[in-house]
Amino acid sequence: MKQFFVLLIGTFFGIVLVKSEVVSWFRIQKMFLFEEAHMYLIIASAVAVGAVAVYIIKRFQLKTVFNEDVAIKAKPYQKGVVIGGVLFGIGWAITGACPGPIYAQIGSGEYIALITFGAALIGMYLYAFLQPKLPH
Amino acid sequence: MEWILQPWPWYIAGPLIGLMVPALLLLSGKTFGVSTSFQNLGSMCAPKSNLPYLKNFDRRSNRWQLVFVAGIILGAFVGSHFLSINPVSFLPDHYYSLSGMARLALGGLLVGFGVRYAGGCTSGHTIMGLSNLQWSSLVASISFFAGGLLLTHVLQF
């Protein structure tokens, strides 16, 4: 049942990603060139809604529909947040896709994004391989 | 219903994306994020790997990530085939060439390496992490943006 909900939410997310065109290289380009506010407003309003929701969940100690405690995973700081973050930003501007949109582009039939996807997996393996040597 | 078939404005799309956070938390107890799915796929494709990053990954408790991205693929298919009058243009024409594909490969490599090193992407850090007031997610989001600006304005690759 839980996995069914996850599939449903993922499907909804995929539809929104496509319909808002945040999966388009052109929209990403216009964001980084400061030509269009579309991406900024989407990110800002998404964070605003998400932050209010997280506040309410914490404030009223809401439980899941399965009556479990809601545990939100923390994001600890390490040097990779900056180094990896900048490298990802460069890749985002080149491909016009962050991880969610890579899947969305493939699902939409933009099969050239399979190259982005395959390369991203290689990048992940590269990180797995170099992880013990990289500063964290 | 006509508007559904047009591109959705930010004030519809943004709040809907924000709602992914409580939807996942309350309906499945999961913390919103996409890029761990790469680690998941890596660990699945190399089950005998000795690399701690893949070996110590708990595939059982992270299975939902793969279900989630399967949903994204399905939703994107529905969105572009049934809910759009004009097809969304994803990539510029010059990417359909050998040099363009090489760019995608290089960019994809940086995306995969970068998100895993940073411990999250635009979903996990920028949307989820900022919603949860995580200091590191603010640093990450600024870094993502700095990288994008660097490429667009300085490297101009």
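Looking across region B:110-122, the residues that are among the hydrophobic types (A, V, I, L, M, F, W, C) and either in a helix (DSSP H, G or I) or more than 12 Å from the chain's Cα centre (by Cα) (or both) come down to B:Leu110, B:Val111, B:Phe113, B:Val115, B:Ala118.
Table: residues versus (1) surrounded by 18 or more Cβ atoms within 10 Å (Cβ to Cβ); (2) of a type in the set (Phe, Trp, Tyr).
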site	(1), (2)
B:Gly29	yes, no
B:Phe38	yes, yes
B:Gly75	yes, no
B:His81	no, no
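Inspect region A:55-74 for any residue being without any contact (Cβ under 8 Å) to a residue 40 or more places away in the chain and crowded, with 22+ Cβ neighbours inside 10 Å and give the result as yes or no. Looking through region A:55-74, none of the residues is without any contact (Cβ under 8 Å) to a residue 40 or more places away in the chain and crowded, with 22+ Cβ neighbours inside 10 Å. A Cβ distance below 9 Å, combined with a sequence gap of six or more or placement on separate chains, defines the contacts here; from region A:96-120, residues that are at the interface with another protein chain (Cβ under 7 Å from one of its Cβ atoms) and buried (at least 23 other Cβ atoms within 10 Å of the Cβ) reach residues that are assigned to a helix (DSSP H, G or I) and charged (D, E, K, R) in the pairs A:Gly96/A:Arg27. Go through region B:63-83 and give me each residue that's part of a loop (DSSP other than H, G, I, E, B) and either acidic (Asp, Glu) or within 7 Å of another protein chain (Cβ to nearest Cβ) (or both). Within region B:63-83, B:Leu83 is the sole residue that qualifies. B:Gly124 meets each of the listed conditions (1) more than 17 Å from B:Ser35 (Cβ to Cβ); (2) surrounded by 21 or more Cβ atoms within 10 Å (Cβ to Cβ); (3) touching a residue at least 40 places away in the same chain (Cβ under 8 Å) apart from (1). Filtering B:Leu149, B:Leu110, B:Leu104 for residues that are modelled with pLDDT of 95 or more, farther than 17 Å from A:Ile83 by Cα and of a type in the set (A, V, I, L, M, F, W, C) leaves a single hit, B:Leu104. Counting only residues that are touching a residue at least 24 places away in the same chain (Cβ under 8 Å), among the hydrophobic types (A, V, I, L, M, F, W, C) and closer than 19 Å to A:Gly123 by Cβ, region B:36-71 holds 4 of them. Whether any residue in region B:90-109 is in a helix (DSSP H, G or I), of a type outside the set (Gly, Ala, Ser), more than 29 Å from A:Pro132 (Cα to Cα) and within 7 Å of chain A (Cβ to nearest Cβ) is what I want to check. Yes, region B:90-109 contains at least one residue that is in a helix (DSSP H, G or I), of a type outside the set (Gly, Ala, Ser), more than 29 Å from A:Pro132 (Cα to Cα) and within 7 Å of chain A (Cβ to nearest Cβ).
Residue-level analysis places B:Ser43 among those that are more than 7 Å from every other protein chain (Cβ to nearest Cβ), farther than 30 Å from B:Phe157 by Cα and polar (S, T, N, Q). If only residues of region B:6-43 that are under 19 Å from B:Tyr117 (Cα atoms) and part of a helix (DSSP H, G or I) are counted, the one that is farthest from the chain's Cα centre (by Cα) is B:Ser43. Within region B:1-40, the set of residues being of a type in the set (S, T, N, Q) and in contact with a Lys or Arg (Cβ under 8 Å, 6 or more places away or on another chain) comprises B:Ser28, B:Thr31, B:Ser35, B:Gln39, B:Asn40. Among the residues here, A:Ile42 does not qualify as modelled with pLDDT of 95 or more and over 23 Å from B:Phe77 (Cβ atoms).
Does B:Ser143 qualify as being part of a helix (DSSP H, G or I) and in contact (Cβ under 8 Å) with a residue 24 or more places away in the chain? Yes. Counting only residues that are out of contact with any helix residue (DSSP H, G or I) (no Cβ under 9 Å at 6 or more places or on another chain) and of a type in the set (A, V, I, L, M), region B:88-101 holds 1 of them.
The values are calculated or read from the model by the stated rules, or taken from the named source; none is laboratory data. As the structure is a prediction and not an experimental result, all values here were calculated from the model. All Cβ positions, glycine included, derive from the backbone under ideal geometry; neighbour counts span all protein chains shown.
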